[in-house]
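Peer 1: Following this message is one structure expressed as structure tokens.
The values are calculated or read from the model by the stated rules, or taken from the named source; none is laboratory data. This structure is a prediction, so every number in the text was calculated from the model and none was measured. Cβ placement follows ideal geometry from the backbone for every residue including glycine, while neighbour counts extend to all protein chains displayed.
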Amino acid sequence: MKRLLIVLSLSACTAALSACSGSAITPMPQTRPAVAPARIGSSAASKRVIYYYQTQYSNGVYVSLAPIWRTKNPNTGAPYTTDVIIAAFHLGYDDNGRPSIHLNDNVPGDPMFDVMWPQVHRLQHFGITTRMMLGGAAQGSYANLFANWTTFYPILRQTLKHYRLNGIDLDVEENVTLPQIERLINKLNTDFGPSFEITLAPVATALTNGPNLSGFSYPALYASKVGPDIAWFDTQFYSGFGSLGSVSSYENVINFGYPPDIVVAGMLANPQDGSGFVQMRTVENTVSQLVATYPTFGGVFAWEYFNALPGGPSKPAQWSKVFGQAMGL
């Protein structure tokens, strides 16, 4: 997605961007199920507080998820956090040429994750949705999936089932066609049902037919037959594709035709994690303004958990409290 790890020896995301022109979309009628169930600890279902969790070990020390469920809203007694996205999963071939799925550099069942998976399920106990992020800056997962669907889709499906994940975040940063992404969304929805959250992670400009890392048109996808199966967009407002330094980038997306409840405002939570970092105090002010303008504001995400400011590595869960309060939760 944002900060690149070396995964399965796949190459880093190229800097080349594709752009296309287009007019504002007329989204499909909102016949989709609620984009997220109302959760304890949230005054409105749309105001999500989401962490991406890619760095499971920092300087050789496991990064515990426990602070997330311990950082609670005093008004409700429940965690501020609504979602945790485990990143980054990749489909590819192991050193022996066998098809496999990896979580960063290791198989999901590696003993290094023996503490993590019970903590992921503990998050669920507190009503926090846990999802898989597929793809990101290391390219190849989607190319492998669509080139050998009958091999890789069952691996993906079985992994989601085995680890009892509540959804999937499709972070497509390689060329994928519209029929291909429609096929994947349709199959996931068929296999897992409407309670399974299918989200996508476009850069902000892609939602308005601007620079796009995914190949396909997001307005066309949203207006397609699988549009109602998309829970929301975890939108990247950084790295030159938008900014939360003011309300303008987010408003550009909404003015294009998307309802606010499906547009989550994503930020870098630490300048070490990518380009386009905006000071947390500034983003907090932007979010407060957006909530005042859009009562069904879609929420926020942090890339990423382990060093999220203002608490940093010692107290990364403070970010959830700051932005939960900024949204009035």
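Peer 1: Scan segment 82-124 for residues that are small (Gly, Ala, Ser) and under 20 Å from the mean Cα position of the chain (by Cα) and report the count.
Peer 2: 2
Peer 1: Here's a follow-up. Please verify whether MET112 is outside any strand (DSSP E or B), surrounded by 13 or more Cβ atoms within 10 Å (Cβ to Cβ) and modelled with pLDDT of 95 or more, treating the condition exactly as stated. Spell out how you get there, then give the answer.
Peer 2: Values: outside any strand (DSSP E or B): yes; surrounded by 13 or more Cβ atoms within 10 Å (Cβ to Cβ): yes; modelled with pLDDT of 95 or more: yes.
For MET112, the condition - outside any strand (DSSP E or B), surrounded by 13 or more Cβ atoms within 10 Å (Cβ to Cβ) and modelled with pLDDT of 95 or more - is met.
Peer 1: Among what's in segment 70-81 and is under 15 Å from PRO316 (Cα atoms) and in a loop (DSSP other than H, G, I, E, B), pick the residue that is farthest from the chain's Cα centre (by Cα).
Peer 2: Checked segment 70-81; the qualifying residue farthest from the chain's Cα centre (by Cα) is THR71.
A quick yes/no check of all residues on (1) at pLDDT below 95; (2) of a type in the set (Phe, Trp, Tyr); (3) surrounded by fewer than 22 Cβ atoms within 10 Å (Cβ to Cβ); (4) over 16 Å from the mean Cα position of the chain (by Cα):
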residue	(1), (2), (3), (4)
PHE301	no, yes, no, no
GLU304	no, no, no, no
TRP319	no, yes, no, yes
GLY324	no, no, no, yes
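Peer 1: Can you pull out the helices (runs of 4 or more DSSP H) entirely within segment 154-273 that have at least 3 residues that are more than 22 Å from VAL300 (Cα to Cα)?
Peer 2: Because the criterion is at least 3 residues that are more than 22 Å from VAL300 (Cα to Cα), the helices (runs of 4 or more DSSP H) in segment 154-273 that meet it are 178-192.
Peer 1: Can you tell which of ALA201, ALA223 is within 27 Å of THR130 (Cβ to Cβ) and of a type in the set (Gly, Ala, Ser)? Can you show your working first?
Peer 2: On the way: ALA223 fails: within 27 Å of THR130 (Cβ to Cβ).
None of the others qualify; the one that does is ALA201.
Peer 1: A follow-up question, please. Suppose the filter is of a type in the set (S, T, N, Q), touching a Gly at 6+ places or on another chain (Cβ under 6 Å) and assigned to a loop (DSSP other than H, G, I, E, B); does ASN144 pass it?
Peer 2: no
Peer 1: Inspect segment 275-296 for any residue being among the small types (Gly, Ala, Ser), assigned to a strand (DSSP E or B) and under 17 Å from ARG48 (Cα atoms) and give the result as yes or no.
Peer 2: No, the conditions are met nowhere in segment 275-296.
Peer 1: Any residue in segment 226-245 that is more than 13 Å from GLY274 (Cα to Cα) and in contact (Cβ under 8 Å) with a residue 60 or more places away in the chain sitting within a Cβ distance under 7 Å of a residue that is of a type in the set (Val, Ile, Thr) and surrounded by fewer than 20 Cβ atoms within 10 Å (Cβ to Cβ)? List the pairs, counting only those 6 or more apart or interchain.
Peer 2: Correct list of pairs: PRO228/THR31.
Peer 1: For LEU145, work out the one condition from (1) more than 24 Å from ILE50 (Cα to Cα); (2) surrounded by fewer than 21 Cβ atoms within 10 Å (Cβ to Cβ); (3) not acidic (Asp, Glu) it doesn't fulfil.
Peer 2: (2)
Conditions (1) in contact (Cβ under 8 Å) with a residue 40 or more places away in the chain; (2) under 25 Å from GLY266 (Cα atoms), marked per residue:
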position	(1), (2)
VAL107	no, no
VAL115	yes, no
ILE128	yes, yes
GLY135	yes, yes
ALA147	no, no
LEU170	no, yes
THR177	no, yes
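Peer 1: A further question follows. Residue check: is THR286 out of contact with any Phe, Trp or Tyr (no Cβ under 6 Å at 6 or more places or on another chain) and crowded, with 20+ Cβ neighbours inside 10 Å? Before you say what the answer is, go through the steps one by one.
Peer 2: Working: out of contact with any Phe, Trp or Tyr (no Cβ under 6 Å at 6 or more places or on another chain): yes; crowded, with 20+ Cβ neighbours inside 10 Å: yes.
Criteria met by THR286.
Peer 1: Being out of contact with any Asp or Glu (no Cβ under 7 Å at 6 or more places or on another chain), within 24 Å of ALA66 (Cβ to Cβ) and not charged (D, E, K, R): is that true of ALA269 here?
Peer 2: In short, no.
Peer 1: THR159 - would you say it is among the hydroxyl-bearing types (Ser, Thr, Tyr), modelled with pLDDT of 95 or more, crowded, with 17+ Cβ neighbours inside 10 Å and within 25 Å of ASP110 (Cβ to Cβ)?
Peer 2: Yes; evaluated as a whole, the condition is true for this residue.
Peer 1: Looking at segment 125-141, which of its residues are surrounded by 15 or more Cβ atoms within 10 Å (Cβ to Cβ) and not in a loop (DSSP other than H, G, I, E, B)?
Peer 2: Answer for segment 125-141, where residues must be surrounded by 15 or more Cβ atoms within 10 Å (Cβ to Cβ) and not in a loop (DSSP other than H, G, I, E, B): THR129, THR130, ARG131, MET132, MET133, LEU134, GLY135, SER141.
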